[in-house]
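Student: What follows is a structure written as C-alpha cells; I'll ask about it next.
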C-alpha cells in the first residue's frame, strides 16, 4: 500500500484513539469546578461525595490521555519529517506553550486536587481544582491554535526553496489569532463540555434505573441536564459561526461538507444523503436554499461549488459529507434527550421514565461520535493539503520510511491500544459499579428535597 495512505491511517488511528480522553478530561474538569463550587457554597456533603467520585473518573481519563498523546509527537518526526521541517517554527511555538503553560499547570495541581482533601484548607483545594480545569482548557487552546494554523495559515513567511522551504513566524499573535482559531476553539471546547455533561447524565441514569445512590443521582442528573442544554445551545451558535468561517476561508471544504458540486443559486442544505462522486450528485433530502441562507443569511446567493476548483484539489467528498452530517445528527440526538430529560424532570416523572433513562445510559456515545466525526471532517476536508494551499500531504511524508515499517507499527498500535482501551473500560466499569462513597448521617441531614424537581 502507498506510504502516504499508510502514514495517514496510522496518524488518524493514533489521534482518534487519543481523542477519546481529552474531551472527557476537559468536560469533567468543568463539572468538578461546578460540583465543588456547590459544596463550597452549601456545605452539603452530597456535593463533596459527588466531586470525589468524579475526580476518580477524571484521573483515569487524564492518565490515559497523557500516555496516548505522547505517541503523536514522535510520529511527526518519524512519518512526517518533511512536514515537521516545514512547520517546525510554528508548531514548536504552539506546542511548547502548551507544554510549559498548560500541561505543567494541570499536572502541578492534579496531585493536590486528588489527594488534598482534608490536608489543605477547602479554599486551597477548590483553587487546585480550578487550576486543573484551567490547565486542561488552556492545553486545548494551544493544540487547536496549532491545528487551525494548518487550516488557515497567518503571521508567517516562507524562507528557502524546495525541500529546504519552511514557514517562519513573523507575527506571533497573527499566528495565534489566525482566521479560524477562535471559532474552532470555541467549537472544540463546547464538544468537550458536552462529553462531560453526558457522561454524568449517563451514569446518573444508570444508577436511577438500578435504584442506587438516588440522592446522588438526582443531583448529578440536574447538573448534567442544565449544563448539557446550555452547552448544546452554545454549540448551535458555534457551529453556525464555524461553518460561515469555513465558507469564507476554505470554500472548497464547505462545498465538500454539503456535496455542492455545481454552483447554483438557492443552494440547498442536505439533511442527509448519499454522494455519487462519479455523477457529481447527492441523493438525499434537502432544504431548498438552506445552505445559501446559513452562509449569507439570504436565500438566493450561490455557495461556490466544487466546479470552481481543480478536481485534483478536491477532498474525499463522500467521506467528508457523511462525517459532517453524522456530527450534526449527534447534536440532534443530544438535544432531543436533554429536552426530554428536562421536561420529565420538571414534571417529577424522569425517575420512572424507563425508555428515556435507557437512552440516557447510552447517550455518552453521542458526544463521542460527534467529536470524532468533527475532527475527521476538519482534517479530511482540508485534503489534499496538510498545510492549506502551502504544503500537500503527499509532500509532507518522510521519504525514508518504507510502507512495511508503517504497516508493522500500525499492527503494533492496534495491539497496544486494544489493551489500553480494555483497561480503560475495565477501570471505568469498576469505578462506576462501585459508585460514590456511602452516604452518612450528614448527607441525610443536608439532603435537598427539591433536587428532583419537587418530588422525591
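Student: Report, by residue number, each residue of the stretch 332-344 that is surrounded by fewer than 19 Cβ atoms within 10 Å (Cβ to Cβ) and touching a helix residue (DSSP H, G or I) at 6+ places or on another chain (Cβ under 6 Å).
Tutor: Narrowing the stretch 332-344 to residues surrounded by fewer than 19 Cβ atoms within 10 Å (Cβ to Cβ): 332-333, 335-336, 339-340, 342-344.
Answer for the stretch 332-344, where residues must be surrounded by fewer than 19 Cβ atoms within 10 Å (Cβ to Cβ) and touching a helix residue (DSSP H, G or I) at 6+ places or on another chain (Cβ under 6 Å): 333, 335, 340, 342, 344.
Student: If you check residue 104 against the conditions, is it in a helix (DSSP H, G or I), more than 25 Å from residue 434 (Cβ to Cβ) and modelled with pLDDT of 90 or more? It would help to see each step written out before you state the result.
Tutor: Numbers: in a helix (DSSP H, G or I): yes; more than 25 Å from residue 434 (Cβ to Cβ): yes; modelled with pLDDT of 90 or more: no.
Against the criterion (in a helix (DSSP H, G or I), more than 25 Å from residue 434 (Cβ to Cβ) and modelled with pLDDT of 90 or more), residue 104 does not qualify.
Student: Answer yes or no: is there a residue in the stretch 306-321 that is free of Cβ contacts under 8 Å to residues at least 60 places away in the same chain, surrounded by 15 or more Cβ atoms within 10 Å (Cβ to Cβ) and part of a loop (DSSP other than H, G, I, E, B).
Tutor: No - not one qualifying residue is present in the stretch 306-321.
Student: For the stretch 113-152, what are the residues that are in contact with a helix residue (DSSP H, G or I) (Cβ under 6 Å, 6 or more places away or on another chain), at pLDDT below 90 and in a loop (DSSP other than H, G, I, E, B)?
Tutor: Scanning the stretch 113-152 gives a single hit, 116.
Student: May I pose another question? Name the one entry in 67, 96 that is modelled with pLDDT under 85 and over 24 Å from residue 431 (Cβ atoms).
Tutor: Values: 67 fails: over 24 Å from residue 431 (Cβ atoms).
From the options 67, 96, the qualifying one is 96.
Student: Let me ask another. Need the failing condition index for residue 420 against (1) within 34 Å of the chain's Cα centre (by Cα); (2) modelled with pLDDT under 50; (3) surrounded by 14 or more Cβ atoms within 10 Å (Cβ to Cβ), just the number.
Tutor: The failed condition is (2).
Student: Still on this structure, please answer the following. Does residue 279 count as out of contact with any strand residue (DSSP E or B) (no Cβ under 6 Å at 6 or more places or on another chain), modelled with pLDDT of 90 or more, part of a loop (DSSP other than H, G, I, E, B) and more than 23 Å from residue 373 (Cβ to Cβ)?
Tutor: On the way: out of contact with any strand residue (DSSP E or B) (no Cβ under 6 Å at 6 or more places or on another chain): yes; modelled with pLDDT of 90 or more: no; part of a loop (DSSP other than H, G, I, E, B): yes; more than 23 Å from residue 373 (Cβ to Cβ): yes.
When the stated conditions are applied, residue 279 does not pass them.
Student: Under 9 Å between Cβ atoms, at least 6 apart or on separate chains: pull out the pairs that start in the stretch 421-447 with a residue that is closer than 18 Å to residue 211 by Cα and end on any residue that is at pLDDT below 50 and surrounded by 16 or more Cβ atoms within 10 Å (Cβ to Cβ).
Tutor: From residues that are closer than 18 Å to residue 211 by Cα, the pairs are 439/447.
Student: Give just the number: which of (1) within 26 Å of residue 20 (Cβ to Cβ); (2) not in a loop (DSSP other than H, G, I, E, B) does residue 404 not satisfy?
Tutor: Going through (1) within 26 Å of residue 20 (Cβ to Cβ); (2) not in a loop (DSSP other than H, G, I, E, B) one by one, residue 404 breaks only (1).
Residue-wise test of (1) out of contact with any helix residue (DSSP H, G or I) (no Cβ under 7 Å at 6 or more places or on another chain); (2) in a helix (DSSP H, G or I); (3) on the phi > 0 side of the Ramachandran plot.
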{"site": "179", "(1), (2), (3)": "no, no, no"}
{"site": "185", "(1), (2), (3)": "no, yes, no"}
{"site": "193", "(1), (2), (3)": "no, yes, no"}
{"site": "196", "(1), (2), (3)": "no, yes, no"}
{"site": "201", "(1), (2), (3)": "no, yes, no"}
{"site": "238", "(1), (2), (3)": "no, yes, no"}
{"site": "248", "(1), (2), (3)": "yes, yes, no"}
{"site": "262", "(1), (2), (3)": "no, no, no"}
{"site": "267", "(1), (2), (3)": "no, no, no"}
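Student: Checking residue 174 against (1) surrounded by fewer than 18 Cβ atoms within 10 Å (Cβ to Cβ); (2) in contact with a strand residue (DSSP E or B) (Cβ under 6 Å, 6 or more places away or on another chain); (3) not in a strand (DSSP E or B), only one condition comes out false. Which one?
Tutor: Of (1) surrounded by fewer than 18 Cβ atoms within 10 Å (Cβ to Cβ); (2) in contact with a strand residue (DSSP E or B) (Cβ under 6 Å, 6 or more places away or on another chain); (3) not in a strand (DSSP E or B), only one is false for residue 174: (2).
The values are calculated or read from the model by the stated rules, or taken from the named source; none is laboratory data. Just so it is clear, the structure is predicted and the values come from calculations on it, not from any experiment. Cβ: placed from backbone, ideal geometry, glycine included. Neighbour counts: every protein chain shown.
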